[in-house]
Amino acid sequence: MMTVREMIELLGRYPDDMRVVVSGYENGYDDLSPEQFRVTPVVLNTGTHVWDGQHGDRPFGARAGVQTIDVLALRRTSAHC
């Protein structure tokens, strides 16, 4: 788990003009833009397969007793799709 404070501290170790990218859909890398950041609710610990993320983004499908929290999510996009 990483918090915004921890991310700021981590990013502070790198040059201010260093380019930031995210992994591509299957291969390579895509540029990162501010529009890819958004606050979104997630249900914690819902991933059941190795290809699933650890947490889910569909809180309306949550079972009783699961925890939903707001997170700062970075959405990967690809200009090639």
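Here are the numbers for this structure:
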{"quantity": "Any hit, segment 61-76, residues being at pLDDT 90 or above and basic (Lys, Arg)", "calculated": "no"}
{"quantity": "Odd one out for residue 40, checked against (1) part of a strand (DSSP E or B); (2) open to solvent by 50 Å² or more (accessible area, probe 1.4 Å); (3) polar (S, T, N, Q)", "calculated": "(2)"}
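The values are calculated or read from the model by the stated rules, or taken from the named source; none is laboratory data. Just so it is clear, the model here is predicted, and its values are computed rather than measured. Please note that ligands, DNA and RNA were not included when accessible areas were found on the heavy atoms of the full protein model with its side chains. Shrake-Rupley method; radii C 1.70, N 1.55, O 1.52, S 1.80 Å.
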